[in-house]
Amino acid sequence: MRIAIGAFSHESHSFSKDTVDIQAMRQVLFDDKDEIIERHRGVRGDGGGGWLGGYIDYAEAHSWEIVPIFAAGAYPSGPVTGETYDYIKNKFIENLTGETVDGVLLHLHGACCVQGLDDAEGDLLTEIRRIVGEDTPVLTVLDLHANVSDLMAEKADVIYGYDTYPHMDVYERQQEACQLLEKIVSGKVGRPAMYRAQPPLLFPAIYTQTKGGPMEKLMEKAAAYEQEEKVINVSPFAGYYASDKREAGPSCVVITDNAPELAEKIAKEMAAYIWESQNEFFCDLPRIEDAVKQAEETDGLWAFIDECDDPLGGGSADGTYILRAVMKSGLRPAGVSTIRDPEIVSQAWKAGVGGKVQGPLGGKVDKFHGEPVEINATVKLLADREIPMADADPTSRQNVGKIAVLDHDGITIVVTELKAATEIMNIFKCLDIDIAGYKALILKGFGKAYEETYQGIAEHYIVPDSLGITSPDVRKAGNFTKIRRPVYPLDEEVEFRYE
């Protein structure tokens, strides 16, 4: 069997000031056809950066011929520039045109926006379908936070979603897609019937973990449906709340073995169940001042989770609201993971270990994540190497640029040149920083993931009501103009039911 593989993955925050150009892609993923197989073979990439390892390993184990197309990806931030997307799209066209393949296997995110184009995945799938024709199966694996559009469902034969968040099963979903493609090509499965259904909701990420909470219940219900005859796969998607596109929000995609009515029935039932479960996905957060006071009055290590500035959700990664509050408190010693500030990193490298760094830290990307805080710090450590994306997966790597570890008044601050995603990796352990006896940690990203990462280390976890474009209050993300309306909670009076 001869298959084409390619990847294009970006979660785009429509209201972020950071845009993604080719340079930003090169820092994460930008592989042409001749580089893909060697770079992705054997790579699980847990944490969401699985890219193409599952496809390659399955294909080679079954002696399939692989036609690599292109692979591009960047960490979540603002929209991809039109010039960058045009380059990537043209690479897909150039490297796929003229190839005869039995199927196409793609790794896409599902929540990518391009300047001037809201549904990048739908557009790319349309182009791929034009090249390979209607008879060639096109299968794609999407992120659990994909905003699955009607166009995507129309142009792809099969859409799989991750089953986990934090994302630890990208490799398995890709292998599952390979198995289905094999059955389609051999005739063991008829042409799949796929149906997408969506309630009028917009969920924050805070309770979309798949271990505990409402998303786990959705996954259990999906797994039960998958036991029925003719049902191939049921993928509930939590959606990504900050892509201002028509179909942003949770949905469900159902695939059956040539049973379209069954696919529609299950998808609609799942959408109705998501609607009925909506209250479990929203929350009220305590004030920062109250959270700090509680920590000061309680023994044990407190982890302050800054979900309002989530690097993997498109946040600037240089928010200062919680740090400023901790600096004013008596919570010492404390640790911060992490602050993105290339200016401070540059100063630290010039000063050297033991040297002094003075000046404003953080709050420089935009005006949504707090003003810079003044530091007078000592450089404790310098590092210039990639770090893991996930503690559990040594094959996962991320480029955060140069690293400077500073001590400011008993607060250990890990400062990075580029964004760092640390919710499923312990940056302190990675850098050999002993946090025994610490009173507080400030951690940027997804709280439920941090609870697992720091299990047995931190005794208390709290998500304060900070400010930032990844706030769990989706109404604070930005001024939505393109999403379908009405949609809850942007609109209060919303009704939903399938006839």
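To keep it simple, each residue is scored yes or no on (1) at pLDDT 95 or above; (2) small (Gly, Ala, Ser).
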{"position": "Ile3", "(1), (2)": "yes, no"}
{"position": "His10", "(1), (2)": "yes, no"}
{"position": "Lys17", "(1), (2)": "no, no"}
{"position": "Asp21", "(1), (2)": "yes, no"}
{"position": "Arg26", "(1), (2)": "no, no"}
{"position": "Leu29", "(1), (2)": "no, no"}
{"position": "Ile37", "(1), (2)": "yes, no"}
{"position": "Gly48", "(1), (2)": "no, yes"}
{"position": "Trp51", "(1), (2)": "no, no"}
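Among the residues of the stretch 144-157, the one identified as in a helix (DSSP H, G or I) and open to solvent by less than 20 Å² (accessible area, probe 1.4 Å) is Met152. Quick check: anything in the stretch 238-247 closer than 23 Å to Gly315 by Cβ and aromatic (Phe, Trp, Tyr)? Scanning the stretch 238-247 turns up at least one residue that is closer than 23 Å to Gly315 by Cβ and aromatic (Phe, Trp, Tyr). Has the stretch 118-137 got at least one residue that is open to solvent by less than 10 Å² (accessible area, probe 1.4 Å), assigned to a strand (DSSP E or B) and of a type in the set (A, V, I, L, M)? Within the stretch 118-137, none of the residues are open to solvent by less than 10 Å² (accessible area, probe 1.4 Å), assigned to a strand (DSSP E or B) and of a type in the set (A, V, I, L, M).
Residues of the stretch 11-20 that are in a loop (DSSP other than H, G, I, E, B) and touching a Ser or Thr at 6+ places or on another chain (Cβ under 8 Å): Glu11, His13, Ser14, Ser16, Lys17, Asp18, Thr19. Evaluated against (1) assigned to a helix (DSSP H, G or I); (2) open to solvent by less than 50 Å² (accessible area, probe 1.4 Å); (3) of a type outside the set (D, E, K, R), Leu105 falls short on exactly one condition, (1). For the stretch 281-303, check the following and say yes or no: at least one residue is on the phi > 0 side of the Ramachandran plot and open to solvent by 10 Å² or more (accessible area, probe 1.4 Å). Scanning the stretch 281-303, I find at least one residue that is on the phi > 0 side of the Ramachandran plot and open to solvent by 10 Å² or more (accessible area, probe 1.4 Å), so the answer is yes. The set of residues in the stretch 57-110 being free of Cβ contacts under 8 Å to residues at least 60 places away in the same chain and either more than 16 Å from Asp31 (Cα to Cα) or more than 27 Å from the chain's Cα centre (by Cα) (or both) consists of Glu60, Ala61, Ser63, Gly82, Glu94, Thr97, Gly98.
Conditions tested, residue by residue: (1) in contact with a Ser or Thr (Cβ under 9 Å, 6 or more places away or on another chain); (2) touching a residue at least 60 places away in the same chain (Cβ under 8 Å).
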| residue | (1), (2) |
| --- | --- |
| Gly352 | no, no |
| Leu406 | yes, yes |
| Thr416 | yes, yes |
| Ala440 | yes, yes |
| Ile457 | no, yes |
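When the residues of the stretch 431-475 are filtered to those that are part of a loop (DSSP other than H, G, I, E, B) and of a type in the set (S, T, N, Q), the one that is farthest from Asp318 (Cα to Cα) is Gln455. None of Gly98, Gly54, Gly47 is under 19 Å from Val400 (Cβ atoms) and either out of contact with any helix residue (DSSP H, G or I) (no Cβ under 6 Å at 6 or more places or on another chain) or not in a loop (DSSP other than H, G, I, E, B) (or both) except Gly47. Could you tell me whether any residue of the stretch 237-259 is buried (at least 24 other Cβ atoms within 10 Å of the Cβ), among the aromatic types (Phe, Trp, Tyr) and not in a loop (DSSP other than H, G, I, E, B)? Within the stretch 237-259 (the criterion being buried (at least 24 other Cβ atoms within 10 Å of the Cβ), among the aromatic types (Phe, Trp, Tyr) and not in a loop (DSSP other than H, G, I, E, B)), the answer is yes, since at least one residue qualifies. The single condition among (1) aliphatic (A, V, I, L, M); (2) in contact with a helix residue (DSSP H, G or I) (Cβ under 8 Å, 6 or more places away or on another chain); (3) more than 30 Å from Trp349 (Cβ to Cβ) that Ala392 does not satisfy is (2). In the stretch 158-214, how many are surrounded by fewer than 20 Cβ atoms within 10 Å (Cβ to Cβ), among the basic types (Lys, Arg) and part of a helix (DSSP H, G or I)? Residues in the stretch 158-214 being surrounded by fewer than 20 Cβ atoms within 10 Å (Cβ to Cβ), among the basic types (Lys, Arg) and part of a helix (DSSP H, G or I): 1 in total. With respect to the conditions (1) more than 17 Å from the chain's Cα centre (by Cα); (2) farther than 18 Å from Leu142 by Cβ, Gly54 falls short on a single one, namely (2). Would you check which residues across the stretch 310-322 are assigned to a helix (DSSP H, G or I), at pLDDT 95 or above and either surrounded by fewer than 24 Cβ atoms within 10 Å (Cβ to Cβ) or of a type outside the set (A, V, I, L, M) (or both) and list them? Within the stretch 310-322, Tyr321 is the sole residue that qualifies.
The values are calculated or read from the model by the stated rules, or taken from the named source; none is laboratory data. This is a predicted model, so every value here is computed, not measured. Note that each Cβ is placed from the backbone with ideal geometry, even for glycine, and that neighbours are counted across all protein chains shown. Ligands, DNA and RNA are stripped out before the accessible areas are found, and what is left, the full protein with its side chains, is counted by its heavy atoms. Shrake-Rupley method; radii C 1.70, N 1.55, O 1.52, S 1.80 Å.
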